[in-house]
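The values are calculated or read from the model by the stated rules, or taken from the named source; none is laboratory data. The structure displayed is predicted, hence computed values, not measured ones. Glycine gets a Cβ as well: all are built from the backbone with ideal geometry, and neighbour counts include every protein chain shown.
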Amino acid sequence: MVRLEALPIDLDNTFCCGQTFRWRKCGDGSYLGNVEGRAVRAEVVDDALVLHGAASSDEGFWRDYFDAGSDYNALLEHMLYGPLREAMDACPGVRVLNQPFFETLCSFILSANNNIARITRIVDRFSQIGPLDANGLHAFPAPEQVLEAGREWVDSLGAGYRAPYLWEAAQRMADGFDWKALRGMDYEQACSAVRTFRGVGEKVADCVLLFSCGHREAFPVDTWVEKMLTQWYGLTGTRASLKKQAMQRFGPYGGVAQQVLFLHAMRSRIQKA
């Protein structure tokens, strides 16, 4: 078991805000997860995040995964007013996760023109070839496992036009794409590198950089975020322009602010018209 003390986290807000699709809620409010083959049950006990089933030697892994070393209130202190203050109060305890690259890449390739429920179902089917853990969850497959399963299997998952992109992503990863180098690049370089994958546009690239590569300045803009920026912050322009304006406004930890604002926009059903 691993216990992360004094970690301000709300499991519902963290696992259900559109950044991950693989944690499963139990009847008691805890969550089952499998990250890189590490099977755990997560629950909050006395202001600590308790990870049942986690090896003590993996504490560093889980600290990094849950971004436990970052104090979001301090990092966002200079902008904690107006809509962001309201969002932080309404949706507390969001942690921006540091997720495995291939899993994140595939998940957000699937996110294009899709909704969270359908993405979750396809990701679940995609994971069926991964090893099954004691909690009944599959580890996300390695690229080599996807290639071994075959192109016809990928086509059978219901991913539609995205299926070739998943297949080619597995091929590139198996061929040795150096995703770790993305962490050391500046944002623009990293964004360009991720966009060399077919099926990865600007929004998907920003999600990959934010959720798996440590680029906390990345600010994905989708329908909800577009409406939030225009209605709550009075910004105007194309989505590309809105992203640039938001990155300038929110700075190096704008991606953290984006996640909280995104969740609040969805839950408050901000006007989409």
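Counting only helices (runs of 4 or more DSSP H) that fall entirely inside segment 160-238 and contain at least 3 residues that are under 16 Å from the mean Cα position of the chain (by Cα) and hydrophobic (A, V, I, L, M, F, W, C), the qualifying elements are 202-212. Selection of first residues in segment 74-98 that are among the polar types (S, T, N, Q) and of second residues that are part of a helix (DSSP H, G or I), restricted to Cβ pairs under 7 Å at least 6 apart or on distinct chains, gives the following pairs, ordered by first then second residue: ASN98/ASP64; ASN98/TYR65; ASN98/SER212. Residues of segment 125-163 that are within 14 Å of ILE109 (Cβ to Cβ) and surrounded by 15 or more Cβ atoms within 10 Å (Cβ to Cβ): PHE126, PHE140, PRO143, VAL146, VAL154, LEU157, ALA159, ARG162, ALA163. One residue stands out in segment 215-247 among those that are free of Cβ contacts under 8 Å to residues at least 40 places away in the same chain and among the basic types (Lys, Arg): the one that is nearest to GLN189 (Cα to Cα), namely LYS244. Take the conditions more than 20 Å from the chain's Cα centre (by Cα) and farther than 23 Å from GLN145 by Cα and apply them to GLY93. Does it pass? Against the criterion (more than 20 Å from the chain's Cα centre (by Cα) and farther than 23 Å from GLN145 by Cα), GLY93 does not qualify. Consider segment 85-95 and keep the residues that are in contact with a Ser or Thr (Cβ under 8 Å, 6 or more places away or on another chain) and crowded, with 16+ Cβ neighbours inside 10 Å. The one that is farthest from CYS207 (Cα to Cα) is GLY93.
Checking the structure you have, find out if any residue of segment 5-18 is of a type in the set (Val, Ile, Thr), farther than 28 Å from ALA205 by Cα and either touching a residue at least 24 places away in the same chain (Cβ under 8 Å) or buried (at least 20 other Cβ atoms within 10 Å of the Cβ) (or both).
Among the residues of segment 5-18, not one is of a type in the set (Val, Ile, Thr), farther than 28 Å from ALA205 by Cα and either touching a residue at least 24 places away in the same chain (Cβ under 8 Å) or buried (at least 20 other Cβ atoms within 10 Å of the Cβ) (or both), which makes the answer no.
Is one or more of the residues making up segment 163-179 in the same structural domain as SER107 (by TED's automatic domain parsing), within 30 Å of PHE126 (Cα to Cα) and touching a His at 6+ places or on another chain (Cβ under 6 Å)? The answer is no, given that none of the residues of segment 163-179 is in the same structural domain as SER107 (by TED's automatic domain parsing), within 30 Å of PHE126 (Cα to Cα) and touching a His at 6+ places or on another chain (Cβ under 6 Å). Of all residues in segment 61-77, those satisfying the criterion of being surrounded by fewer than 18 Cβ atoms within 10 Å (Cβ to Cβ) and more than 14 Å from LEU97 (Cα to Cα) are ASN73, ALA74, LEU75, GLU77. Among the residues of segment 164-200, those that are of a type in the set (Ser, Thr, Tyr) and either surrounded by fewer than 16 Cβ atoms within 10 Å (Cβ to Cβ) or over 24 Å from ASN114 (Cα atoms) (or both) comprise TYR187, SER192, THR196.
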